[in-house]
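Since the structure comes first, as structure tokens, the remarks are kept for the end.
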Amino acid sequence: MEAGNHTEVSEFLLLSLSDDPGLQPLLCGMFLSIYLVTILGNLLIMLAISSDSHLHTPMYFFLSNLSFVEICFISTTIPKMLVNIQAESKNISYIGCLVQACFFTIFVGMDDFLLTVMAYDRYVAICQPLHYAVTMNPRFCGFLVLMSWFIIFWVALLHILLIMRLTFCMGTEIPHFFCELAQILKVACSDTLANKIFLYVATVLLGVFPLTGILFSYYRIISSLGRMASTKGRYKAFSTCVSHLSVVSLFYGTGLGVYLSSALTHSSQRSLIASVIYTVVTPMLNPFIYSLRNKDVKGALRSLFGRAASCP
């Protein structure tokens, strides 16, 4: 095949969730509903935190940022999927695919970083309560978030620059419902060794290390709780971690499910189902986890709804 046939590619084909025309309206309605619920739920969390001065603490500052990232995360994939379902098309432009892969990488990475920072916040609050106000001051919290954005932006940009070196065959179909880095590398027609090495290194540095930090933080938290004499005190301290632990379990559990489904099975449909749970269901459930299991957030939401209802 001529080199020009590789380099002149202008679009890719995405794998649809179902080729049955009768299921398209159902899929469109279901994913539109999930998208709207996710946007509304995370927006309410952000509004509740910003409107209640009692929630202007490091933990809720990070939670507000996490809700913003979840909105961006799901907005990276679902709108394009809905457009393709409505237009009965599988196409995505080459530039559009790179942009989607870049933003998806950024927001997945930010999810990872924020969950790690939130674990550190709980560690300081429980294990070093006397130093909490000094350690987790607003300037330091802002620095942690800004550094997370800075690091993941450059990692995502390097991924995209490396992909732009690759060549692709005309009519290439990406075996996924959105453009994800690993899936793009699978369909490249040129050598992807450098891309794969960088992908593995980035996964270790930005995935394994943060998870190790989270596990270490909770190891120290559990050790500290074990030394508390009061059962009530242990319960009260650990109750502030339950929502975060639930979100961490959901995020890493579904992420591991995506990895295992793609590594252990050759079925594209099974990998798609695991990816849908990871990219669509997880952002939708996070607001419910934090609102249903957190008295402070529930109180702030009640106050927010009360003020909205009293407005003429």
Could you derive backbone 3J(HN,Hα) for the stretch 91-107 from the dihedral phi with the Karplus parameters 6.51, -1.76 and 1.60 (θ = phi - 60°), listing whole Hz in sequence and x where the residue is Gly or Pro? 7, 9, 5, 4, 5, x, 5, 5, 5, 4, 4, 5, 5, 4, 4, 4, 6
Is there a quick way to get the dipole size of the stretch 1-152? I mean about its Cα centre, with the Cβ of Lys and Arg at +1 and of Asp and Glu at -1; what is the value in debye to the nearest 20? 560
For VAL247, VAL155, what's the largest-to-smallest order of accessible area, 1.4 Å probe? VAL155, VAL247
Using the Cα gyration tensor of the stretch 168-209, with a ≥ b ≥ c the square roots of its eigenvalues, what is the shape: rounded (a/c below 1.5), prolate (a/b larger than b/c) or oblate (neither)? oblate
Apportionment of accessible area to carbon and sulfur, the chain, percent (1.4 Å): 69
Radius 13 Å from Cβ of ALA133, net charge of other residues (Lys, Arg +1; Asp, Glu -1): 0
Which listed residue (TYR219, CYS189, SER33) has the Cα farthest towards the positive end of the charge dipole for the chain, taking +1 on Lys and Arg C-beta and -1 on Asp and Glu C-beta about the Cα centre? TYR219
At 25 °C in a medium of viscosity 0.890 mPa s, the stretch 129-203 has a Stokes-Einstein diffusion coefficient, with Rh taken as the Kirkwood radius over alpha carbon pairs, in µm² per second, of 163
Prolate/oblate/rounded call for the stretch 110-257, Cα gyration tensor, a/c under 1.5 rounded: prolate
Ignoring everything except DSSP H segments at least 4 long, calculate the 222 nm mean residue ellipticity for the chain; use -39,500 (n - 2.57) per segment, divide by total residues, nearest 500. -24500 deg cm²/dmol
Connecting C-alpha atoms closer than 10 Å in a GNM of the chain, tell me which of LEU115, LEU26, LEU40 has the biggest fluctuation. LEU26
I need to check one value: relative contact order of the chain, counting alpha carbon pairs closer than 8 Å and at least 6 residues apart, in percent. 28
In terms of the charge dipole of the chain, which places +1 on Lys and Arg and -1 on Asp and Glu at the beta carbon, the residue among PHE140, GLY257, GLN86 farthest towards the positive end is PHE140
For the stretch 170-179, in residue order, the Karplus 3J(HN,Hα) values (coefficients 6.51, -1.76, 1.60; θ = phi - 60°; whole Hz; Gly and Pro = x) are 5, x, 5, 9, 7, x, 7, 8, 8, 7
How much FRET efficiency would the formula 1/(1 + (r/R0)^6) give for LEU47 and SER190, where r is the Cβ-Cβ distance and R0 is 45 Å, rounded to 0.05? 0.40
So how many Å³ per residue does the convex hull of the Cα atoms of the stretch 1-118 work out to? 123
P(r) over all Cα-Cα pairs of the stretch 11-290, 10 Å bins from 0 to the longest distance, whole percent per bin, short to long, reads 6, 26, 33, 21, 10, 3, 0
Only Lys, Arg, Asp and Glu count, each charged at its Cβ (+1, +1, -1, -1), so figure out the dipole size of the chain about its Cα centre, rounded to 20 debye. 1580
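Tell me, which longest segment in the chain has none of the GluC sites (Glu not before Pro) that fall in DSSP loops with at most 10 further Cβ atoms within 10 Å?
Details: sites that count: GLU2, GLU88.
By the stated rule (loop sites, at most 10 other Cβ atoms within 10 Å), 89-312.
The values are calculated or read from the model by the stated rules, or taken from the named source; none is laboratory data. As the structure is a prediction and not an experimental result, all values here were calculated from the model. Cβ atoms come from the backbone with ideal geometry, glycine included; neighbour counts cover every protein chain shown. Accessible surface areas use protein heavy atoms only, side chains included; no ligands, DNA or RNA. Shrake-Rupley method; radii C 1.70, N 1.55, O 1.52, S 1.80 Å.
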